[in-house]
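The values are calculated or read from the model by the stated rules, or taken from the named source; none is laboratory data. Since we're looking at a predicted model, the values are computed, not measured. Cβ placement follows ideal geometry from the backbone for every residue including glycine, while neighbour counts extend to all protein chains displayed. When the accessible area is computed, the model is the full protein with side chains, heavy atoms only, and any ligands, DNA or RNA have been set aside. Shrake-Rupley method; radii C 1.70, N 1.55, O 1.52, S 1.80 Å.
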Amino acid sequence: MSLCLQRNFQSDRSGDLSYETILFTHDQGVARITLNRPERLNAFTNQMHAEVADAMTRIESDSTTRVLLITGSGRGFCAGQDLSERDTRAGRPDLSVSTGTQYNPLVRRLAALPLPVVCAVNGVAAGAGVNIALASDIVLAKRSARFVQAFSAIGLIPDAGGTWHLPRAIGQARALGFTLTGGTMDAAQAEEWGLIWKAIEDGAFDIEVDALVKRLSAAPTRGLAAAKRAIRNAAVSTLDAQLDLERDLQRECGWTDDYREGVNAFKERRVPDFKGK
Ligand code: LHQ
């Protein structure tokens, strides 16, 4: 797979980085991963996993990236695992290989990435597609998008972090009801229940997504990364430990150039020019 990836990977002078199952661009601090198998509603294949992992490595090693946007092409965001790639006729498949080596590392990398991760759910999200969205930091969805808890229909549990993120986002009663009934939620309800940050009218979606990532790409990146880390840590922390973490992170934030710039700009009544350092 890695040889195949190296052969297919190209980089042109405009900064567009091409793969076969995703589109990857990097422009003015914004890295954008677009899942790009629209005829299969951007369902994950082994190749897509490898390409997303490769793009993540590029993002993690590029200090100019200040925000990551994940979205899908065509009418869907992501239909989860591509079911045609898993042969259920012969024997018993070991699905822990896929969860352990593909979905879990991706979810861990999104949580640990010291940047805001925005997920723009441009259409239907199902199965692991829902949970990749939930693993992101800010989820925007088109009002016409829906979230389909597809696992119970095929005898599986929510994976890709779903059993962790879902009850924390919407509470245990709703998480269990949604999961065990294999429910479908529209974007408005997802916003109302706190599953996502915001549902946006379809016609305004691209403009609002672009405005958000532009804003985040000009923000004090290290401060945002520290806030992300603290808030994500709260779910597994005590108040005592969390207060200590806040103290330590705030110390580090106070040493950033962006903190100095933010305070100076406030005093000088001007717009701050944050560099992400
Ligand atoms: C698909 C898929 C798909 C292939 C639509 N695969 N082709 C992790 C570890 C290891 C293994 C197992 O799984 C996991 C995690 C998971 O994600 S499990 C859950 C897998 N996903 C699903 O079960 C969702 C299956 N898809 C659907 O329920 C529907 O397609 C949704 C609700 C997403 C969309 O419905 P519609 O808008 O009516 O579209 P459609 O069903 O007509 O789909 C369009 C095409 O996409 C169609 O192909 P066709 O050739 O007929 O046009 C589908 O077969 C294909 N497609 N999802 N996951």
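General observations
- Checking L95 against (1) surrounded by fewer than 16 Cβ atoms within 10 Å (Cβ to Cβ); (2) hydrophobic (A, V, I, L, M, F, W, C); (3) more than 8 Å from the ligand (Cβ to nearest atom), the condition it does not meet: (3)
- Filter result for A90 (away from the ligand (no atom under 12 Å from the Cβ), part of a loop (DSSP other than H, G, I, E, B) and more than 16 Å from the chain's Cα centre (by Cα)): yes
- Qualifying residue in segment 157-170 (condition: more than 16 Å from the ligand (Cβ to nearest atom), assigned by TED's automatic domain parsing to the domain that holds N104 and either within 30 Å of Q28 (Cβ to Cβ) or small (G, A, S) (or both)): yes
- Residue within segment 74-87 that is outside any loop (DSSP other than H, G, I, E, B), under 15 Å from the mean Cα position of the chain (by Cα) and small (G, A, S) present: no
- Going through (1) in contact (Cβ under 8 Å) with a residue 60 or more places away in the chain; (2) within 10 Å of the ligand (Cβ to nearest atom); (3) touching a helix residue (DSSP H, G or I) at 6+ places or on another chain (Cβ under 6 Å) one by one, A43 falls short only on (3).
- Among the residues of segment 125-132, some residue qualifies, meaning at least one is in the same structural domain as I207 (by TED's automatic domain parsing), more than 9 Å from the chain's Cα centre (by Cα), buried (at least 24 other Cβ atoms within 10 Å of the Cβ) and in a strand (DSSP E or B).
- Selection within segment 238-263 - within 16 Å of A219 (Cβ to Cβ) and of a type outside the set (A, V, I, L, M): C253, T256, D257, D258, Y259, R260, E261, G262
- In segment 171-187, the qualifying residues are those that are at pLDDT 95 or above and open to solvent by less than 40 Å² (accessible area, probe 1.4 Å), and the one that is farthest from A133 (Cα to Cα) is G177.
- Some residue of segment 72-87 being open to solvent by 60 Å² or more (accessible area, probe 1.4 Å), at pLDDT below 95, within 15 Å of the ligand (Cβ to nearest atom) and among the polar types (S, T, N, Q): yes
- Residue count for segment 214-244, restricted to those that are open to solvent by 60 Å² or more (accessible area, probe 1.4 Å) and either in contact with a Gly (Cβ under 8 Å, 6 or more places away or on another chain) or not in a helix (DSSP H, G or I) (or both): 3.
- Within segment 98-115, if we keep just the residues that are more than 8 Å from the ligand (Cβ to nearest atom) and among the β-branched types (V, I, T), the residue that is most open to solvent (accessible area, probe 1.4 Å) turns out to be T101.
- For R66, the requirement of being in the same structural domain as A153 (by TED's automatic domain parsing), in contact with a helix residue (DSSP H, G or I) (Cβ under 6 Å, 6 or more places away or on another chain) and either among the charged types (D, E, K, R) or free of Cβ contacts under 8 Å to residues at least 24 places away in the same chain (or both) is met.
- Among the conditions (1) assigned to a helix (DSSP H, G or I); (2) buried (at least 17 other Cβ atoms within 10 Å of the Cβ), the only one that A199 does not satisfy is (1).
- Among (1) among the hydrophobic types (A, V, I, L, M, F, W, C); (2) assigned by TED's automatic domain parsing to the domain that holds L113; (3) assigned to a loop (DSSP other than H, G, I, E, B); (4) exposed (fewer than 14 other Cβ atoms within 10 Å of the Cβ) - the single one A211 does not satisfy: (3)
- Filtered residue count, segment 143-170, keeping only those that are assigned to a strand (DSSP E or B) and either more than 14 Å from G183 (Cα to Cα) or open to solvent by 90 Å² or more (accessible area, probe 1.4 Å) (or both): 1
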